[in-house]
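Bear in mind that the values in this text are calculations on the coordinates, not laboratory data. Because the structure is predicted, anything quoted here is derived from the model rather than measured. A quick note on method: Cβ atoms are made from the backbone with ideal geometry, for glycine too, and the neighbour counts reach across all protein chains shown.
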Amino acid sequence: MHKNRTTITQFIIEEQRQIKGASGDFTSLLNDIVTACKVISNLVNHGALVGILGSAETDNIQGEVQKKLDVISNDVFIKSNEWAGHLAAMASEEMEEIYPIPVQYPRGKYLLLFDPLDGSSNIDVNVSVGTIFSILRAPENVDKPTEQDFLQPGTEQLCAGYALYGPSTMMVLTTGRGVHGFTLDQNIGEFILSHYNLKIAPDSVEFAINMSNQRFWTPPITRYIDECLAGKEGPRGNDFNMRWIASMVAEVHRILTRGGVFMYPLDSKNQDKGGRLRLMYEANPMSFIIEQAGGMSSTGLARIMEIQPTHLHQRVPVILGSKTEVKRILSYHQEAAR
């Protein structure tokens, strides 16, 4: 199947046919998300040519300075998805409160969460950025969803995915039946199935962490990184490579294609906030993808997808990737706890 230039629409429809009683609503919603990502891809590719680089001189709910493209991408996602009748409400990392569907449009049965432009600090230096999204089912008989209706653990996700705007634009997604990657063919404007049933190698000699935070780390993380840096002469008996792109989409994509581990752990700098990355917009969707590809995702103490969210912009520590390495890091946390 994957050799016959299957489009993402065809793939999603064929997947939905496996689900008894499927209405086609979900397929149409994913198509609207795909359209939004195509628009953002085009904007990212043109950058300075259309005057969208630089700061918007505003802060988001996280207190971070927004790039012009953060604001534009957020708007693109809303406008692409509010009108079709598939959604009950949306939530964005860039907005403090949920976005209810305007009254002039029909209500649907799904909730959409998204980070419209992950890694946007890389935009002005022309390094890969991406979009992350997660789809939940709205509770039955809820006409006007509230924030509480979004606070479902990651295990309740119906679908998660990301678009990577790199040398080529790719979309990677899971509906709980494996992970598949699609590459945008610019000539025809379609995402084509290019990576069927992605699997993460269980073993790896590559790690990604922000070394500038080293002085804030907890002992388990310090121990793990010290062992990696000691190389062949150290207790691991292997030379490790270190990577850091500052774009979670790019980091996860690298792990999906060649293994490795990505860490934004709890440390003394971010512990008051509960961690660095957002549970609903980053950690949950990426954990769903990683686990479906045979990897593992944890805070260091708990499986991320089992966390019961308490608020929309909740932050958590994240350790994800190749199973053997994540298990080792967890064992160091368990030893330290004992």
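When the alpha carbon gyration tensor of segment 206-337 is reduced to an equivalent ellipsoid, the three semi-axes, largest first, read 22, 17, 14 Å.
Here semi-axes √(5λ) of the Cα gyration tensor in Å was calculated from the structure, and among (i) 30, 27, 20; (ii) 34, 23, 19; (iii) 32, 22, 21 it sits at label (iii). By the Kirkwood approach, averaging reciprocal distances over each pair of separate Cα atoms, segment 179-245 gets a hydrodynamic radius of 15.0 Å.
Distances between every pair of Cα atoms in segment 8-195, grouped in 10 Å steps from 0 to the bin holding the largest one, split as 9, 36, 37, 17, 2 percent. Each stretch of four or more DSSP H residues adds -39500 (n - 2.57); spread over every residue of the chain, this sum gives -8500 deg cm²/dmol at 222 nm.
Here the peptides 240-248, 153-161, 226-234 are ranked by packing, the mean other Cβ count within 10 Å, and the order with the highest first is 153-161, 240-248, 226-234.
Remark: for residue pairs K109/K144; K38/K79; K79/K109; K109/K273; K273/K327, the C-alpha separation exceeds 22 Å in K109/K273; K273/K327. Entry note, the chain: relative contact order of 15 percent, from Cα contacts under 8 Å with a spacing of 6+ residues.
Convex hull of alpha carbon positions in segment 147-293: directionally averaged projected area 10.8 nm². Note on segment 206-337: dipole from Cβ charges, positive end direction compared against I255, H313, I209; the farthest Cα belongs to H313.
Considering only A91, P139, Y105, whose Cα is most displaced toward the positive end of the charge dipole of the chain, charges sitting on Cβ of Lys, Arg (+1) and Asp, Glu (-1)? Going by the Cα projections, it comes out as P139.
Sparsely packed loop sites in segment 236-338 (the GluC sites (Glu not before Pro) outside DSSP H, G, I, E and B with at most 12 other Cβ atoms within 10 Å) do not occur.
Neighbour counts of other Cβ atoms within 10 Å put D118, D70 in the fewest-to-most order D70, D118.
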